[in-house]
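Worksheet: one structure, shown below.
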Amino acid sequence: MACYRFPFFILPFLLITLSLRSSNTILVGARRFLETSVPEKPELPKPELPEIPPFPKVELPKPELPDFPKPEIPKVPELPKPELPKTPELPKVPELPKPELPKVP
C-alpha cells in the first residue's frame with residue numbers, strides 16, 4: 001500500500017518545481033530583451049521627384065444641335081360626367097320622446 005500512494009505524494013511537488021522553473025526563464029529572457037540596445041539605422045536620403053509639366057488646355061468646339069420642333073400632345077376628348085340616379089324620397093319617421101332614467105340615490 002505504501003508504494004501505491006507514493007506517486008500521488010510527489011506529483012504536486014513535481015508540478016510546482018516545473019512551473020517555477022519555466023517562469024524564471026521567461027523573466028530572464030524578458031529582462032535580457034529589454035536591456036539589449038537596438039542599433040540605430042541610418043536615415044536614407046529622400047529622392048527628389050522631377051516636376052511634372054502642366055497639361056496643355058484643350059478647348060473643344062461646342063457642338064451645334066439643330067432645333068427640333070416641340071412635339072404636340074393631342075388633346076384627350078372630355079367624357080361626360082355621369083349623373084347619379086335619383087333616389088326616391090323616404091317617409092319621415094316620427095320622433096320618439098327620449099326616455100328618462102330614474103335617478104339613483
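Result for the chain in a Gaussian network model with C-alpha springs under 10 Å: among V38, V28, V93, the largest mean-square fluctuation is at V93. For the chain, the ratio of Cα radius of gyration to the globular rule of thumb 2.2 N^0.38 Å stands at 4.13.
Mean projection of the Cα convex hull over all viewing directions, computed for region 65-104: 11.1 nm². Of the residues P82, P61, P47, which exhibits the maximal mean-square fluctuation in a Gaussian network model of the chain defined by a 10 Å Cα contact cut-off? In the Gaussian network model the winner is P82. Using only Cα atoms and rounding to the nearest 10 degrees, what angle (0 to 90) does helix 2-35 make with the longest principal axis of the chain? Roughly 80 degrees, rounded to the nearest 10.
At 1.4 Å probe size, with the rest of the protein present, what percent of the exposed accessible area of region 35-85 is carbon and sulfur atoms? Provide the component values of the computation, followed by the final result.
Working: 4530 of 7150 Å².
Carbon plus sulfur share of accessible area: 63 percent.
Along the Cα→Cβ direction, 7 angstrom out, place labels at L20 and V93. What is the inter-label distance in nm? Rounded to a tenth, the inter-label distance reads 10.5 nm. When its C-alpha radius of gyration is set against 2.2 N^0.38 Å (N residues), region 24-86 gives a value of 4.02.
The values are calculated or read from the model by the stated rules, or taken from the named source; none is laboratory data. Note that the coordinates shown come from a computational prediction; the quantities given were computed from them, not determined experimentally. Note that each Cβ is placed from the backbone with ideal geometry, even for glycine, and that neighbours are counted across all protein chains shown. Please note that ligands, DNA and RNA were not included when accessible areas were found on the heavy atoms of the full protein model with its side chains. Shrake-Rupley method; radii C 1.70, N 1.55, O 1.52, S 1.80 Å.
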